[in-house]
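Report on one structure; see the data block that follows.
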Amino acid sequence: MVPIIEIPMPKLKYPLKCPYSMTPTRVVIHNTANDASAREEVSYMQRNLNLGGFHFAVDDKEIIQCSPLNRNTWNATDGNGKGNREGIAIEICYSKSGGEKFEKAQQNAAELTAKLLRDYGWGIGKVTCHSDYYAGKNCPHRTLSKEYGWQFFLNMVERYLVYSDEPAQGIFPKGKEVVGIYRVRTKHHGWLNEVVELTEYAGYENSPVTDVAIWVSKGKVRYRVHVLGGDWLPYVTGYALYDPVNGYAGNGKVIDAIEVYYETPDDIRPYQKAVYRVAPVGGTYYPWQKDTETTGGQDGYAGAFGKPIGKFQLTIE
């Protein structure tokens, strides 16, 4: 998670910004509707004399906590209703123009939301948005738009609930500096559940794979697929739960080969590689492939042209 930095609310501003003691019961998601950073958003809110406030502002680089979680903020336009009096308000920055900064901010906000759910022992049903309390307010406007959608945001939160990198969760394999998570969509069963490293395989019996999504906990992964009877599709670097446009490799057609390359960040040495393999529908696994190497009998990709893929496995090592 990006750093959580506290910029405390000045006590003199409590009567305007966070006047009442609060026992939180929910999270309320907002979009700022401008392109200010989290620090700029907090600074403006804390210095003005308007009623209203929030608890967190989140951008692409950091999370700013600016109000105590045991005090309410006027954020949900519902008077003394549950949004204003019981909600932990999160503002997602850069929503006016959108783009890469907003997508990263939205991802960070989803991770923060999952942390709050864990901290308070809540389920996903405790995640609400501004418009749940005031229908006349289209907020969080970009999160709710057709470009993403509310369920898209909830999916990100749920992913962080299941696959947190906090040690207490015990989800990631011990001793692994980088963890790969992946999922596939099949011709007959749609998107299947995520797989962590080599705990399982991605696939479903004899159903040909049509799309692949890959995520790594650190660094970056670049991947593409070859479609049956066609050619290689463009490289992608996103992950389906975070990036609905560039978040998977595939176009709905059956895949017969996949190529993956892991870009090791500067603070990890020695270099690590994507190690992956596939099995054709109804067949046994082909040999492991490392990144796009072509030495030692490797092809630079996993698969065989003309033979639909039925299973996929990946690890970073």
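The values are calculated or read from the model by the stated rules, or taken from the named source; none is laboratory data. Keep in mind that what you see is a predicted model, and the values were worked out from it rather than measured. Cβ coordinates were reconstructed from backbone atoms using ideal geometry, including for glycine residues, and neighbour counts include every protein chain displayed. When the accessible area is computed, the model is the full protein with side chains, heavy atoms only, and any ligands, DNA or RNA have been set aside. Shrake-Rupley method; radii C 1.70, N 1.55, O 1.52, S 1.80 Å.
Considering Gly300, Gly296, which residue is open to solvent by less than 20 Å² (accessible area, probe 1.4 Å) and either more than 28 Å from the chain's Cα centre (by Cα) or basic (Lys, Arg) (or both)? Steps first, answer last, please.
Working: Gly296 fails: open to solvent by less than 20 Å² (accessible area, probe 1.4 Å).
Criteria check complete, one pass: Gly300.
The conditions are (1) in a loop (DSSP other than H, G, I, E, B); (2) in contact with a Cys (Cβ under 6 Å, 6 or more places away or on another chain), and Asn50 fails exactly one of them. Which is it?
Going through the list (1) in a loop (DSSP other than H, G, I, E, B); (2) in contact with a Cys (Cβ under 6 Å, 6 or more places away or on another chain), Asn50 breaks only (2).
Looking only at the stretch 221-249, which residues are open to solvent by 20 Å² or more (accessible area, probe 1.4 Å) and either touching a Ser or Thr at 6+ places or on another chain (Cβ under 8 Å) or polar (S, T, N, Q) (or both)?
Within the stretch 221-249, Arg222, Thr237, Asn246 qualify.
Identify, by number, the condition in (1) under 22 Å from Cys18 (Cα atoms); (2) surrounded by fewer than 20 Cβ atoms within 10 Å (Cβ to Cβ); (3) of a type outside the set (Ser, Thr, Tyr) that Ala109 doesn't meet.
Result: Ala109 fails condition (2) only.
Filtering the stretch 55-88 down to residues that are open to solvent by 10 Å² or more (accessible area, probe 1.4 Å) and of a type in the set (A, V, I, L, M, F, W, C), which residue is nearest to Tyr134 (Cα to Cα)?
Result: Trp74.
Can you run down the residue pairs with Cβ atoms below 6 Å, 6 or more apart or on separate chains, where the first is in the stretch 294-308 and free of Cβ contacts under 8 Å to residues at least 40 places away in the same chain and the partner is not aromatic (Phe, Trp, Tyr) and not in a loop (DSSP other than H, G, I, E, B)?
Matching pairs, first to second residue: Gln298/Gln289.
Considering only residues that are modelled with pLDDT under 90 and farther than 21 Å from Asn108 by Cβ, look in the stretch 165-187 and name the one that is most open to solvent (accessible area, probe 1.4 Å).
Looking at residues that are modelled with pLDDT under 90 and farther than 21 Å from Asn108 by Cβ, I get Lys174.
Of everything in the stretch 11-38 that's among the hydroxyl-bearing types (Ser, Thr, Tyr) and part of a loop (DSSP other than H, G, I, E, B), which residue is farthest from Ile88 (Cα to Cα)? Please lay out each step first, then the result.
Looking only at the stretch 11-38, we keep the residues that are among the hydroxyl-bearing types (Ser, Thr, Tyr), and these are 14, 20-21, 23, 25, 32, 37.
After this cut, where a residue has to be part of a loop (DSSP other than H, G, I, E, B) as well, the list is 20, 23, 25, 32, 37.
Values: Tyr20: 13, Thr23: 10, Thr25: 8, Thr32: 15, Ser37: 20 Å.
Within the stretch 11-38, the match that is farthest from Ile88 (Cα to Cα) is Ser37.
Checking the condition touching a Cys at 6+ places or on another chain (Cβ under 6 Å) and in contact (Cβ under 8 Å) with a residue 12 or more places away in the chain, which residue from Arg118, Arg85, Arg71 passes?
On the way: Arg118 fails: touching a Cys at 6+ places or on another chain (Cβ under 6 Å); Arg85 fails: touching a Cys at 6+ places or on another chain (Cβ under 6 Å).
When all the criteria are applied, what remains is Arg71.
Out of Lys218, Lys273, which single residue is open to solvent by 20 Å² or more (accessible area, probe 1.4 Å) and closer than 28 Å to Arg118 by Cα? Full working, then the answer.
Values: Lys273 fails: closer than 28 Å to Arg118 by Cα.
From the options Lys218, Lys273, the qualifying one is Lys218.
In the stretch 112-149, how many residues are open to solvent by less than 30 Å² (accessible area, probe 1.4 Å), modelled with pLDDT of 95 or more and among the small types (Gly, Ala, Ser)?
0
Please enumerate the residues belonging to the stretch 81-100 that are charged (D, E, K, R) and modelled with pLDDT under 95.
So the first thing to find is which residues in the stretch 81-100 are charged (D, E, K, R), and the list is 82, 85-86, 91, 96, 100.
Hit for the stretch 81-100 is Glu100, nothing else.
What do you reckon, is Glu41 within 22 Å of Leu161 (Cα to Cα), among the acidic types (Asp, Glu) and either touching a residue at least 12 places away in the same chain (Cβ under 8 Å) or in a helix (DSSP H, G or I) (or both)? Spell out the reasoning first.
Numbers: within 22 Å of Leu161 (Cα to Cα): no; among the acidic types (Asp, Glu): yes; either touching a residue at least 12 places away in the same chain (Cβ under 8 Å) or in a helix (DSSP H, G or I) (or both): yes.
No: the conditions fail for Glu41.
Inside the stretch 213-291, counting only strands (runs of 3 or more DSSP E) that do not spill past its ends, which hold 1 or more residues that are within 19 Å of the chain's Cα centre (by Cα) and under 17 Å from Glu177 (Cβ atoms)? Reasoning before the result, please.
Working: elements: 220-227, 255-263, 274-280.
Here the list reads 220-227, 255-263.
Results for (1) more than 15 Å from Ile29 (Cβ to Cβ); (2) in contact with an Asp or Glu (Cβ under 6 Å, 6 or more places away or on another chain), shown as yes or no for each residue.
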position: Ser67; (1), (2): yes, no
position: Lys82; (1), (2): no, no
position: Ser97; (1), (2): yes, yes
position: Trp122; (1), (2): no, no
position: Gly125; (1), (2): no, no
position: Ser131; (1), (2): no, no
position: Thr143; (1), (2): no, no
